[in-house]
1. What do you get for trypsin sites (Lys or Arg not before Pro) in the range 29-80 restricted to DSSP loop and a cutoff of at most 15 other Cβ within 10 Å of the site's Cβ?
2. To the nearest 20 Debye, how big is the dipole of the range 156-214 about its Cα centre, given +1 on the beta carbon of each Lys and Arg and -1 on that of each Asp and Glu?
3. What size of dipole, in debye to the nearest 20, comes out for the range 118-163 about its Cα centre when the only charges are +1 on Lys and Arg C-beta atoms and -1 on Asp and Glu C-beta atoms?
4. Calculate the dipole size of the range 17-74 relative to its Cα centre from +1 charges on Lys and Arg beta carbons and -1 charges on Asp and Glu beta carbons; express the result in debye to the nearest 20.
5. Taking the alpha-carbon centroid of each part, what is the distance from the range 139-192 to the range 8-58 in angstrom?
6. Among the lysines in the chain, how many pairs, 8 or more places apart or on different chains, have alpha carbons under 23 Å apart?
7. Which value in nm describes the separation of the simple spin-label points at Glu118 and Ser58, placed 7 Å from the Cα toward the beta carbon?
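Each value in this text was obtained by applying a stated rule to the coordinates, not by laboratory testing. Values in this document were obtained by computation on a predicted structure and should not be read as measured data. Note that we place each Cβ from the backbone using ideal geometry, even for glycine, and neighbour counts take in every protein chain shown.
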Amino acid sequence: MPKPKTLYPLVVVDIALFCVDDNGLNVLLVKRSNEPAQGLWSLPGGLLQPERDRNLESAARRVLREKIGVDVRYLSEVRSFSGPARDPRGWSIGMLFFALLPRDHIHAIVKDSVDQVEWVSVRRIARAMAFDHSEQIDAAVQLLRDKVERRVLPLHLMPAEFTLGALQKTCEAILGRPLDKSVFRRRLKGSPDLIALRVENTGSAQRPSLLYRASDGFQF
């Protein structure tokens, strides 16, 4: 009697890498140089390599380094995607992560298996995407917004020093709507995640701004 065939599905990691700039919330897309989906835009991603990767998070960090030359401090699982039709190579399991990068660290570069990289506003992704990556972006954006709605501060998107005004703009960019300044400031009062540093003298007639940084024990 022949031995039953064992199914070994493809295991893939994909990463929705976000930053915030003057255009709002952006996600990094890469243009694929290899099949499948050659020439289409996608999230940075790659196959799990069991001989190199300790776990899926390790695989995701390796993919970011090898494909776009980026190391991130914050990386978190979103959810899994699976099925026989999401990848033409066969039945696959894809674990989606999202990562946050400060605006002053957004210089991703083209490295392996990628023809081009581009930061794109999450409000204007009007292009054909590889695999199920449009659905993946929607899922990652929704999780990020849910966290901020629950009053978790997106400090991993901020530079080393920042004002409360800049932090409010970052939250507004994620949520896609304005926030009341007084309500936002009350929410931050006494927050253990923020450490006041010094007053920034802007040289204008406006009131000087107090600079902050994230506390060492901050969790997103």
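1. For trypsin sites (Lys or Arg not before Pro) across the range 29-80 that sit outside H, G, I, E and B with at most 15 neighbouring Cβ atoms in 10 Å, the list reads Arg52, Arg54, Arg73.
2. 220 debye
3. 180 debye
4. About 160 debye.
5. Each part's Cα centre sits 26 Å from the other's.
6. Here the count comes out as 9.
7. Distance between the two pseudo-spin positions: 3.6 nm.
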